Amino acid sequence: MSAKRASMLSALLMGASFAVFAGTAALADDVKTITEWDLQTTPAAVKVIRDAADRFEATHPGFKVADTHIQNDAYKAKIKIAFGANDAPCIFSSWGGGPLREYVHANQVLDLTPYLAKDPAFKDRFLPASFGAVTADGKIYGLPAENSAAALIFYNKDMFAKLGLTPPATWEDLLKVIDVLKSKDIAPFALANKGKWPGSMYFVYLADRIGGPDAFANAVQRKPGGSFEDPAFIEAGKRLQELVKAGAFAKGFNGLDWDVGAARRLLYSDKAAMELMGVWEASIIRGENPDFAKKLGFFPFPSVPGGKGDPNAVIGTLGDNFVSVSASCPYRDAAVDLIKTLTDDKAAAGRLADGRAMPLKGIKIEDPFVASMFALISKAPSVQLWYDQELPPKLGELHKDTTQALFGLSVTPEAAAKQMEEAAKEELK
Amino acid sequence: MVDISARLAGDEPRSSRRLARDLAPIVFLGPAVLLLLVFLIYPLMSSFRLSLLAWNGLGHEGSYIGLANWWRLLHDGLFWAAAKNNILLAVFSVLIQLPIAVVLAVVLDGLGRGSQLLKILYFLPLLMSSVALGVLFKNFYDPNFGPLNALLEGIGLGGLQQDWLGDTHFSLASVIAVICWQNIPFYMVLFLAGLASFPAELSEAAVLDGASQMTIFWRLKLPHLKGTLRTGALLAIIGSLRYFDLIYVMTGGGPEGASELMATYMYHQVFASFQLGYGSTVASAMFIVVTVIAAISLRLTSRLETEV
């Protein structure tokens, strides 16, 4: 009796599992799913992507786009696991540079050069410099997608006006502004450096202002005389520590988490006056706190006395995020069509409405705030990519670690530079 | 005809019973052994194998470099600093969590039926996800907005205000405090279960003999819990040596590696620096460290148990 019941049960179970298999098989036959991962988590940015996916689905019957939106730091780990486990999404986002090149050299990324050669009109819409971060060995592996993201200093205009301050253009002016703010018990800069990359921006700007873009390029390309122990990097470390000692940063900066909004919260509550951050911060603030957005202004990073760098140069990326197709994608042609849809004029207009300007030629920006940010970026003689994205991952991590230690005043600029140079000798042969 | 059917009817259950007896261990152990093989033994072996490679974890496997990664590990100050942090965590987990859990368990046990609500309340921290808890306490410790510094200021202890998570001197201790807070309920439940088997007649007899509650606790209840305490200590030590989640969420091992544990160090090597080979070496070394320390503590506590 019980044996009979058990066998009936197992027959039922088997039947059920066959039904399930049949079900998935039927699904797989009808719908071709293209997986897409990105790190846009604000509703407006997600909508731009979903709208592009809808347009793609309308013109490509039988295809379905499974879009997944993952938070910044979690994304970096998840994408790595997916590639390591041979389970990469068809379309993924990156910042280009060193990490993307790791994937390229492991033959994991589809070469887009032939596709772009077939459609020169599409490719020529982009600013030529925007492909720099996604080019490896002369081939293009990604399309600039989200934003022209330079780091600028954002500040509270009302607070500056009340205290009679003006945006500082030089280092001495900056130190004076810091003094005034300190005397009013306001933290000059909001900084949330748990993730280490926000603090790295100060170092990259200082090194660019002091040594110009060549100091870094020569060190990376191991040109004769190029070194991470170049005086430019050592002075950058000294200037950075000068800021720390002047009390330029909000309390607890090395432990605050940018991902949960710890830096913006300081601005909103009038506890801090400025923040050095990528221009995406402006669009987040507009979505998160429209009242505060009205008080938001920005100015370029000040010049440094005796510096070789052009004070108009910016650090950042033309593209912010780049979209690439993984080599393992079963529907390569369709996936390329999808990334073109993700970066087409309609998507660009959607991002513009969200305060983000794709690096396109002659882009017409009506919003005066975004227009003036973009004007600043387009007049820059050079755009230095974030060091942690340009360098190979191991060196990029070391750069962030040593910079956080510089902020913590627990290492000297000379020692930090020496650590970088020793690792560079091993990594960049 | 009748004969045969009777014999068949008598034989069948016996042989099937024997079959069942032979099969039972296989059927019951099979799934467990299979799961262990797939999710424990295989990953363990393959991480030992990967520890001999120079590989970034992408595409085709890297090159075989023998014991070079292990040599590097021996001279890697950051790994040993992380291991030291793990040991600190283990020591403080045992010294803080177990005594508080014993006291809570004994008090709650003594309250009888009325303690149900308290038991549930005390158990709550364990039910919360570590990530949510981490974010909660990040706000709690926040030096600009957090209630902790505000409280210190309010009661006139402003001098004790600290940058709890951003200062290299305090970040590890700050997270250890939260880890203890989260895990105490687990040991409390463990000890409550231990006390459930404590015979009531024993304490009644002791009371008749004029023993105070303190004496009953020290002389009767604590010795009764000896075995449970040993289990608790071992769980706390092993758990501390493999710890990852709250550290990852609250400090990411920072600042400047001040709260780095072996597991977060492994994570950074593999996922941030793209060094799967070296990260696997760290993982394998972690396995060895945990096994050795667990074996030593087992040995030490078993001796204690026989002597006392």
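Each value in this text was obtained by applying a stated rule to the coordinates, not by laboratory testing. Computed from a prediction, not measured in an experiment: that's the story for all the values here. Note that each Cβ is placed from the backbone with ideal geometry, even for glycine, and that neighbours are counted across all protein chains shown.
Some notes on this structure:
- Legend: mean number of C-beta atoms from other chains within 10 angstrom of residue C-beta atoms, peptide B:253-261, equals 5.
- Full-stretch length increase - B:F244, B:F198 - with 0.36 nm per residue and alpha-carbon distance subtracted: 13.0 nm
- Rounded D (µm²/s) - region B:77-200, Kirkwood Rh over Cα pairs, Stokes-Einstein at 4 °C, 1.567 mPa s: 78 µm²/s
- Computed on the Cα trace of region A:66-143, the radius of gyration divided by the Kirkwood hydrodynamic radius gives Rg/Rh = 0.98.
- Scaled radius of gyration (Cα, divided by 2.2 N^0.38 Å) that region A:84-184 gives: 1.70
- Per-pair calculated FRET efficiency, R0 = 51 Å: A:A58 and B:R49 via Cβ, rounded to 0.05: 0.55
- Comparing B:S284, A:S227, B:S171 along the charge dipole axis of the protein assembly as shown, the residue lying farthest to the positive side is B:S284, per the Cβ-charge model.
- Secondary structure note: in chain A, about 60% of the DSSP beta bridges are antiparallel.
- Top positive-direction residue, dipole computed over the protein assembly as shown with Cβ charges, set B:I296, A:I91, A:A136: B:I296
- With the simple model of a label 7 Å out from the Cα in the direction of the Cβ, B:R17 to A:D185 spans 8.6 nm.
- For region B:72-77, 3J(HN,Hα) computed residue by residue from phi via the Karplus equation (6.51, -1.76, 1.60; θ = phi - 60°) reads 4, 4, 4, 9, 8, x Hz, glycine and proline entered as x.
- Size descriptors for region A:289-329, from the alpha-carbon set: Rg then Dmax equal 18.1, 51 Å.
- For region A:266-365, alpha-carbon Rg over 2.2 N^0.38 Å: 1.43
- With only the Cα atoms considered, region A:260-311 has a convex hull volume of 102 Å³ per residue.
- Overall shape of region A:93-136 was characterised from the C-alpha gyration tensor. The equivalent ellipsoid obtained from it has semi-axes of 20, 13, 7 Å, in decreasing order.
- Computed over the alpha carbons of region A:154-224, Rg followed by Dmax gives 15.9, 51 Å.
- Geometric descriptor of region A:115-240, per residue, is 167 Å³ (volume of the convex hull of the Cα atoms).
- Here the scattering of region B:199-291 is modelled by Debye summation over its C-alpha atoms, one equal scatterer each and no solvent; at q = 0.15, 0.17, 0.18, 0.21 Å⁻¹ the log10 of I(q)/I(0) is -0.68, -0.77, -0.82, -1.00.
- Tensor-based shape of region A:276-429 (alpha-carbon gyration tensor, a/c under 1.5 rounded, otherwise prolate or oblate): oblate
- Net lengthening on full extension, A:T42/A:K139 (0.36 nm per residue, minus Cα-Cα): 31.7 nm
- Taken along its principal axes, the alpha carbon cloud of chain B reaches lengths of 94, 72, 39 Å, longest axis first.
- Charge tally in the Cβ shell below 15 Å around A:L256, where Lys, Arg are +1 and Asp, Glu are -1, A:L256 excluded: -2
- The charge dipole of chain A, taken about its Cα centre with unit charges on the Cβ of Lys, Arg, Asp and Glu (plus for the first two, minus for the last two), comes to roughly 480 debye.
- If only the Cβ of Lys and Arg carry +1 and only the Cβ of Asp and Glu carry -1, the dipole of the protein assembly as shown around its Cα centre is close to 980 debye.
- Length released on extending from A:D270 to A:A66, taking residue separation times 0.36 nm less the Cα-Cα span: 69.3 nm
- Pairs from the list A:K400/A:K429; A:K194/A:K251; A:K184/A:K238 with a Cα-Cα gap above 24 Å: A:K184/A:K238.
- Unpaired by the 4.7 Å Cβ criterion, cysteines found in the protein assembly as shown: B:C180
- Modelled FRET efficiency - R0 51 Å, B:L95 with B:Y42, Cβ distances, 0.05 increments: 0.90
- Calculated FRET efficiency for the pair B:L222/B:L157, C-beta based, R₀ 41 Å, to 0.05: 0.75
- Dipole of region A:95-197 computed with +1 at Lys/Arg Cβ and -1 at Asp/Glu Cβ about the Cα centre; of A:A151, A:F126, A:A106, farthest Cα towards the positive end is A:A151.
- Semi-axis lengths, Å, the protein assembly as shown, gyration tensor of Cα atoms, sqrt of 5 times eigenvalues: 52, 38, 26
- Sorted largest first, the spans of the alpha carbon positions of region A:219-272 along the three principal axes are 49, 25, 16 Å.
- Summarising the label geometry, the points placed 7 Å from Cα in the beta-carbon direction at B:I65 and A:K308 lie 3.3 nm from one another.
- GNM on chain B, alpha-carbon springs under 10 angstrom: the most fluctuating residue among B:L192, B:L34, B:L121 is B:L34.
- Sorted from longest to shortest, the spans of the Cα atoms of chain A along the three principal axes equal 86, 57, 52 Å.
- The simple spin-label model puts a point 7 Å past each Cα toward its Cβ; for A:T33 and A:D111 those points are separated by 3.2 nm.
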